[in-house]
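Notes follow the structure.
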Amino acid sequence: MSSLCIQTRDLSKVYEGKLALNRVDLDIRSGGVNAIVGSNGAGKSTLFKVLLGMITPSFGEATILGCDASKLDRSIRQKVGYVNEEHSLPDWMRVDQVIAFQRQFYPQWDESLFASVLGYFNVNSKQKITSLSRGERAGVNLALAFAQKPDLLILDEPTLGLDVIAKQSFLEAILFTEVNYQTTFIYCSHQMEEVQRVADNLIVMEQGQIQHNNDPDSFSDRVSNLIVERFSNWQTLREHPKVLKINKLDDLLHIWVLDNDGEIESLLASLDAQLLNRQAANLEQAVNAFLTRKHSAPKFALGEQA
Ligand SMILES: Nc1ncnc2c1ncn2[C@@H]1O[C@H](COP(=O)(O)OP(=O)(O)OP(=O)(O)O)[C@@H](O)[C@H]1O
C-alpha cells in the first residue's frame, strides 16, 4: 500500500465569519494525478494555502509529506512545488534572472525539463517578466515548477489562459513527469476534458467539504439522467435531495439523479410521468449536475419575472 502524501483531519478555515473549509478529512496517496474540482468559492485555493502553510487553519490538522503543514521546514519546502492561479512572479526581474534565483534553492533542478516545458512558449530569456503575455507568464511559472522536480506539485488552475497547444503540452508534461519522476500532482481545474485525460483520482469539493475522493469513473457512475415526458407538477421534484438538476428540452425533462436506487423512478410512476430513457452521465455531465445542486443562484434567473 502506498503512503499518504496529504492527510487532513477536521480541517476548517473561517474568514471573517465565512466558512471556507468545513471539517475536511482528506487522504491523498503518494503518486498519481489528483484533480480537485468544485464551484467558484468551494474552498480549493484555501485548502492549498493551508497545506502549504501560507495560512493557518481555524481548527483541525493538515499533514503534507508527513509534516505538520503549519511547520514546514526548508527540506520539505524543497520537495513541494506550487503554482498559483495568478502566476505571480517578480515583475522587475528578467526571465533568466528568475531562473538563476530559483535554481539555487532546488538541488534536484533539471535544466532540460525547464527548457522542454518553456519551449512551447515564445519566451526570450532576456525579457522582463512584466513584458510577458498571460500565457507566457503561465508557461514560465509551470517550467520553473516542473524543473524543481518536486515530490509533490500543487497547481491552482494551471491552464487558465493557455492556448490549445500549450494546454496540451502542459498535460503531456504532467504525464511525463508523473511517470518518470513519480511526482504526485494535485491540481484544480474547471476543465473536465483535461481532468478526464490526466486524473487518476477525482476530488469533488462543495461548500468547503469533500464530496468525493476516488477515481473519476466512480463519480460518473453515481449520476444518471432520467428522460421523461414533461408533466404538470414536475417542479416539485427539484426539492428532492437526490435530484441534482432538471433540464427542460422541448416536451422532455432531463432529470439528473445522484446515487439512483429507483426511488425517483417510483416517484415518477406515482406522478403518472412517463419514463422514456435512462442514461449514464459522462464525467462533464456528472460534475456539472452535481455542482448545480448547491450552486449560488439569484432568486430570479435573468429574463424571469420577479
Ligand atoms: N482572504 C479572504 N477573506 C475573506 N474571505 C475569503 C478570503 N479568501 C477566500 N475567501 C472566501 O472563502 C471561500 C473559498 O474561497 P477559495 O478561494 O478557497 O475558493 P475556490 O474554490 O478556490 O474558488 P475559485 O474556483 O473561484 O478560485 C469563498 O467564499 C471566498 O469568498
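The numbers here are math on the coordinates, done by the rules we state, and not lab data. What you are looking at is a predicted structure, and each value in this text was computed from that prediction instead of being measured. When we count neighbours, we look across all protein chains shown, and the Cβ atoms used for this are built from the backbone with ideal geometry, even at glycine.
The figures follow:
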read-out	value
Value at 222 nm in deg cm²/dmol, rounded to 500, when DSSP H runs of n ≥ 4 in the chain each add -39,500 (n - 2.57)	-8500 deg cm²/dmol
Relative contact order (%) - the chain, alpha-carbon pairs under 8 angstrom, separation at least six	19 percent
Cα-centre dipole for the chain with unit charges at Cβ (Lys and Arg positive, Asp and Glu negative), debye to 20	960 debye
Rounded to 10°, Cα long-axis angle of helix 283-293 versus longest principal axis of the chain	70 degrees
Contour excess over end-to-end distance, with Cα ends at Glu263 and Thr63 and 0.36 nm allotted per residue	68.0 nm
Modelled FRET efficiency - R0 30 Å, Met93 with Asn122, Cβ distances, 0.05 increments	0.95
Burial ranking of peptide ranges 271-277, 26-32 (average Cβ count within 10 Å, highest at the top)	26-32, 271-277
Kirkwood-based Rg to Rh ratio, the stretch 1-144, C-alpha trace	1.01
FRET efficiency for Ala100 and Asp215, using Cβ-Cβ distance with R0 set to 41 Å, rounded to 0.05	0.50
Highest-first arrangement of 120-126, 48-54, where packing means the average Cβ count within 10 Å	48-54, 120-126
Distance between the stretch 95-134 and the stretch 258-283 - C-alpha centres, whole angstrom	53 Å
Rg(Cα)/(2.2 N^0.38 Å) for the chain, N = residue count	1.14
Rg(Cα)/(2.2 N^0.38 Å) for the stretch 168-306, N = residue count	1.26
Extension gain (nm, one decimal) between Gln274 and Glu111, 0.36 nm per residue minus Cα-Cα	52.4 nm
Net charge over other residues, Cβ less than 12 angstrom from the Cβ of Thr46 (K, R count +1; D, E count -1)	+3
Percent RCO, i.e. relative contact order, over the stretch 185-282, from Cα pairs under 8 Å lying at least 6 residues apart	28 percent
Proximal lysines to Lys242, defined as alpha-carbon separation beneath 20 angstrom and excluding residues fewer than eight positions away on the same chain	Lys294
Sites Tyr15 and Lys71, calculated FRET efficiency, Cβ-Cβ separation with R0 25 Å, nearest 0.05	0.70
Mean Cβ neighbour count within 10 Å, used as a protection proxy, ranking 192-202, 243-253 highest first	192-202, 243-253
